[in-house]
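Enquirer: I'd like to ask you about the structure that follows.
What follows draws every value from the coordinates through simple rules; no lab data is involved. The structure presented is a predicted model; accordingly, all values stated were derived computationally and were not measured. Neighbour counts are summed over all protein chains in view; Cβ atoms, including those assigned to glycine, are modelled from backbone coordinates with ideal geometry.
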Ligand SMILES: Cc1ncc(C[n+]2csc(CCOP(=O)(O)OP(=O)(O)O)c2C)c(N)n1
Ligand SMILES: [Mg+2]
């Protein structure tokens, strides 16, 4: 008997706008102007927020900050394809995602200033918390999607994670559950080429991250993650598919972490500045702006106004965050259980007594 | 004699032991090119190469599980987990395998892995980066849990771990990584496990502590001295095994005991110490054993962090309590 090939896989790569801003007519999703502008403006605001946060950290006004510079298209292109009822499961770098999903900037600053108060979810929003333990959130997104399926809701979930995260067991368990139970989940991988100092090629011997989906029995696609329309296009298809009950999708958005891993990191230790320079040419914000200008949707004047508005919005958010009282000692104990058990009441009294006698 | 901080002392020990034992491999996330996020493994890759200093994929269970295979094959893996809060994916490998391999094989196999990890709070870090989980390891039979309080001790204890026949969890208090320097001999020396150190002698009250809290306790003792209260400070150095003998003989002398740790109180090391004192020195006590610990809550973010952890004042209050009992 001849030897047969029992499996062959293919992974598509999608780019809509090339690095010089030229759009492929056939692939352009031709989104309405107001959506395009909202996406662009959020990308600009995200970048300004990012820049400001970095400066605040250097001034000692916030704690460790993970910048998202360079990943604006990967974040906004994907999150914009989500419906309000769909769920957003971030890692720790999705500042753009939070802004799109209606988290007020002041709360983001409050969190970065070292208070859990900033993590309160705005009423009615289907946003989940920042997840620092790598890849753990992928399972949560699968579970929430599964619940939606069990309850017959037309709701999908989308989870963000990095290239490094694909090495963790949790990621593979999440992918497997999603495949087996056909959950309406979109796995949005931001492959920004680095996991702190470890390059993507040291995480996996596979050519793409997208192809990992094939082993779990569903589709994986790769997109130019610095092309907001390519990201949107792929995500929208995946979300629509999820809503139709046709199961999960893995999207690998090829992008680049232009800045440090966090403010505690120094990338000059492990990567070439020539590599960083190269990626500058593929800047996602600049590219999108050219597209909008060519369509007559954007100009210098609008840009200036947007920057002015965002500057004052950011300043106001910082002012509000900094004027809040965030060191209420009772808060140490308030949220551990729904009802405070006696030993915590005792410990709280102990702390209050200590503080009273101190002053 | 060179003066070193904790990071430098651990780094120097790794260099020295790797030179003496070519079976030692260092592995973990960012330990190679980057030299570790705290620079503890700085320079090792240059000296010993990529075969022995390995930047692994981002997978703690992978790191620790593979290290088990390496260890039973005959290597001596030193695994770094980037922060204490990220060991959990590997907890199964630690509890279900590392700790049991000797028992289950009736001694035919050993698993002398050293698991190093930055530990503890007080550095204004992100969530999951300020934990004190020693009880979770000290409670597991088969593990040795080391928490040094100084560069000198760190070298001797790590050197001992690198020559040990059994697995060691080596927690490095990040609060004191660069807090102070002291003289650390260049020549090799070891400090045995289960041997506490009397940091300072005293006769009124015994303060039992370890890790970064040793310095905080010394600060409290200094202030108490002005009030004519003399504290004996015992640094456990290993929280498993615990040096019962040193504890009991000190408490017999002072009759009073305060235990200080930055881990939560419930089932913490303080509870175990208190129980041992009850069992062995109850009638020598002039006051109940008092615990100064973090509270039984999730470690708060920086705005509330200072309320949560022990400090010199809280220790002084506890000492005053046992003195006035
Ligand atoms: C379980 C776990 N291990 C280690 C870490 C420490 N750590 C934080 S971010 C990071 C790299 C993550 O890389 P990647 O998944 O590519 O995401 P990126 O930071 O590039 O967005 C590491 C190792 C962690 N947060 N959680
Ligand atoms: Mg990455």
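Enquirer: Using the count of nearby Cβ atoms within 10 Å as a rough guide to exposure, how do B:175, B:252, B:237 rank from fewest to most?
Expert: With the sparsest Cβ surroundings first, the list reads B:252, B:175, B:237.
Enquirer: Could you give the spread of the C-alpha atoms of the stretch B:212-325 along their three principal axes, from largest to smallest, in whole angstroms?
Expert: Here the Cα extents, ordered largest to smallest, are 42, 34, 24 Å.
Enquirer: What's the percent breakdown of Cα-Cα distances in chain B across 20 Å bins, shortest bin first?
Expert: 33, 57, 10
Enquirer: Work the Kirkwood hydrodynamic radius out for the stretch A:12-327: mean of 1/r over every pair of different alpha-carbon atoms, inverted, in Å.
Expert: Evaluated on the stretch A:12-327, it is 19.7 Å.
Enquirer: For the protein assembly as shown, how big is Rg over Rh, using alpha carbon atoms and the Kirkwood form of Rh?
Expert: 1.00
Enquirer: Short version: what are the Cα gyration tensor semi-axes of the stretch A:1-155, square root of 5 times each eigenvalue, largest first, in whole Å?
Expert: Its equivalent ellipsoid spans semi-axes of 31, 23, 18 Å.
Enquirer: I've got another one for you. Quick one: compute the contact order of chain B, relative version, from alpha carbon pairs under 8 angstrom and 6+ residues apart, as a percent.
Expert: 16 percent
Enquirer: Roughly how crowded by other chains is peptide B:43-54, in terms of the mean Cβ count from those chains within 10 Å of each of its Cβ atoms?
Expert: The shielding value for this peptide is 0.
Enquirer: Quick one: helix A:342-358 against the long Cα principal axis of chain A, what's the angle to the nearest 10°, folded into 0 to 90?
Expert: Around 60 degrees separate the two axes.
Enquirer: Still on this structure, please answer the following. Helix B:60-73: angle to the longest alpha-carbon principal axis of chain B, degrees 0 to 90, nearest 10?
Expert: Here the helix axis deviates by roughly 70 degrees.
Enquirer: Any idea what angle helix B:269-281 forms with the longest principal axis of chain B, computed on alpha-carbon atoms, 0 to 90 degrees, nearest 10?
Expert: Tilt relative to chain B: about 50 degrees.
Enquirer: Mind sorting A:336, B:79, B:135, A:306 by how few other Cβ atoms lie within 10 Å of their own Cβ, fewest first?
Expert: Ordered by Cβ neighbours within 10 Å, fewest first: A:336, A:306, B:135, B:79.
Enquirer: A further question on this structure: Tell me, what is the percent relative contact order of chain A, built from C-alpha pairs under 8 Å that lie six or more residues apart?
Expert: 23 percent
Enquirer: Can you tell me the FRET efficiency between residue A:205 and residue A:154 if r is taken as the Cβ-Cβ distance and R0 is 41 Å, rounded to the nearest 0.05?
Expert: With a Förster radius of 41 Å, E is 0.60.
Enquirer: Which parts of the stretch A:261-292 would a label at residue A:22 reach, counting a residue when its backbone N lies under 13 Å from a point 7 Å out along Cα-to-Cβ?
Expert: Under 13 Å, as judged by backbone N against the label point of residue A:22, lies no residue of the stretch A:261-292.
Enquirer: While we're here: Given R₀ = 41 Å, FRET efficiency for residue B:19-residue B:267 by Cβ-Cβ distance, to 0.05?
Expert: FRET efficiency, residue B:19 to residue B:267: 0.50.
Enquirer: What nm value, rounded to one decimal, do you get for the distance between residue B:106 and residue B:1 when each label is placed 7 Å out toward the C-beta?
Expert: 4.7 nm
Enquirer: For residue A:273 and residue A:176 in one chain, what is 0.36 nm times their gap in residues minus the Cα-Cα distance, to one decimal in nm?
Expert: Gain on extension, residue A:273 to residue A:176, equals 31.1 nm.
Enquirer: Ok, one more. Please report the Cα spread of the stretch B:29-94 along all three principal axes, rounded to whole Å, starting with the longest.
Expert: Cα spread of the stretch B:29-94 along its principal axes, largest to smallest: 32, 29, 16 Å.
Enquirer: Can you give the convex hull volume of the alpha carbon atoms of the stretch B:1-121 per residue, in Å³?
Expert: Expressed per residue, the convex hull around the Cα atoms of the stretch B:1-121 is 119 Å³.
Enquirer: Shifting gears a bit: Only helical DSSP H runs with n ≥ 4 go in: add -39500 (n - 2.57) per run for chain A, normalise by residue count and round the 222 nm mean residue ellipticity to 500 deg cm²/dmol.
Expert: -14000 deg cm²/dmol
Enquirer: Tell me, B:308, B:139 in order of fewest to most beta-carbon neighbours within 10 Å?
Expert: By the 10 Å Cβ count, ascending, the order reads B:139, B:308.
Enquirer: Further question on the same structure: If you take all C-alpha pairs in the stretch B:134-290, what percent of them are over 21 Å apart?
Expert: Value for the stretch B:134-290: 44 percent of Cα pairs lie more than 21 Å apart.
Enquirer: Taking beta carbons within 10 Å but only from partner chains, what does the mean come to for residues B:301-314?
Expert: Averaged over the peptide's residues, the number is 5.
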